[in-house]
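What follows is one structure encoded as structure tokens, with my remarks underneath.
Here, each number is a calculation from the coordinates, and none is a lab measurement. Because the structure is a prediction, the values reported are computed rather than measured. For neighbour counting, all protein chains shown are included, and Cβ atoms are generated from backbone atoms with ideal geometry for every residue, glycine included.
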């Protein structure tokens with residue numbers, strides 16, 4: 001797999017879990033600035049994430065991966081409401097949690113790459129305040145042949161080569177704004193349509209360019225309806241809310257039981273290229289002992305399973321990416337996504 005993570009920020013960062021604590025698992029972040037807000041996105045039907053100015057708050061939006069990475073690409077739509085100071089746009093943290101790479105912008109709108117306090121290079125071009133730009137980062141981790149490259153709206157603005165490692169290990173955590181535990185910048189920054197991929201494999205292994213992340217939700221019953229709806233009603237109607245609600249849900253007490261659902265169609269686009277589908281489920285166990293869940297895709301007449309993941313007593317988000325249509329292992333098309341069913345299985 002090359003596509004590691006995507007997020008369109010169609011969730012409320014201030015929602016609380018059943019213990020009245022920030023429900024980071026209800027979104028997709030491993031850690032998140034406590035002042036982050038959901039705001040209107042760069043498209044009329046989308047949302048975005050606003051990371052606040054310093055004001056005593058720490059970090060931004062960060063995703064820690066289960067496996068470390070050496071060569072990655074990531075991008076997001078970025079808007080700076082103001083240039084009255086400096087801002088951190090992206091961060092990368094190594095496996096030791098000591099070496100941090102930052103992509104920053106100063107009050108002149110110039111972009112800089114900072115590795116553990118060492119500015120490697122500064123762009124000759126400047127971004128303007130109040131407008132969306134799609135900014136991408138390429139990071140190759142090496143003490144000798146490393147690369148840190150920045151593209152803005154598809155155009156290379158700066159490239160730094162040489163020691164991008166600064167004595168640290170491989171990359172483990174990636175994200176927007178400041179790194180976990182690091183005070184945010186003096187400016188608020190807005191983000192939309194985030195992707196992260198690595199350079200391996202044959203799909204999504206390089207710059208993806210200006211992409212969009214659309215969120216689709218269940219709108220009808222699929223061909224598998226084996227879980228029990230609580231309260232009674234249509235299964236799909238218990239899992240289709242905009243914000244996670246633990247008061248209505250589907251549940252299973254038997255291994256192998258499945259629910260798959262029909263989903264709303266993708267927004268109408270002209271000859272879209274679908275780079276991947278990410279299935280998102282929020283689940284928890286309610287009894288002692290081990291329990292697992294796996295996400296599903298039903299394409300054509302066949303159900304395809306993601307790897308099983310353990311359930312916890314606290315609700316958590318489970319993410320599974322299919323970069324290609326498993327029915328034939330071919331690129332997703334708009335019609336194939338619209339015809340597919342997605343769901344879960346008790347594993």
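Can you give the FRET efficiency for residue 163 and residue 44, using 1/(1 + (r/R0)^6), R0 = 45 Å, r = Cβ-Cβ distance, to the nearest 0.05?
Efficiency for this residue pair is about 0.50.
Mind ordering 126-138, 168-180 by average Cβ neighbours within 10 Å, highest first?
So the order, starting with the most tightly packed, is 168-180, 126-138.
Add -39500 (n - 2.57) for each DSSP H run of 4 or more in the chain, then divide by its residues: what number comes out at 222 nm, to the nearest 500 deg cm²/dmol?
-500 deg cm²/dmol
With a ≥ b ≥ c taken as the square roots of the eigenvalues of the C-alpha gyration tensor of the range 3-198, please select rounded if a/c is under 1.5 and otherwise prolate if a/b is larger than b/c or oblate if it is not?
It comes out oblate by the Cα gyration axes.
What whole number of Å gives the distance from the Cα centroid of the range 143-213 to the Cα centroid of the range 224-272?
One Cα centre to the other: 34 Å.
Would you give the gap between the C-alpha center of the range 75-133 and the C-alpha center of the range 313-337, rounded to a whole Å?
32 Å
Need the full-extension length gain, residue 230 to residue 253, defined as separation in residues times 0.36 nm minus the C-alpha distance. One decimal, nm.
6.9 nm
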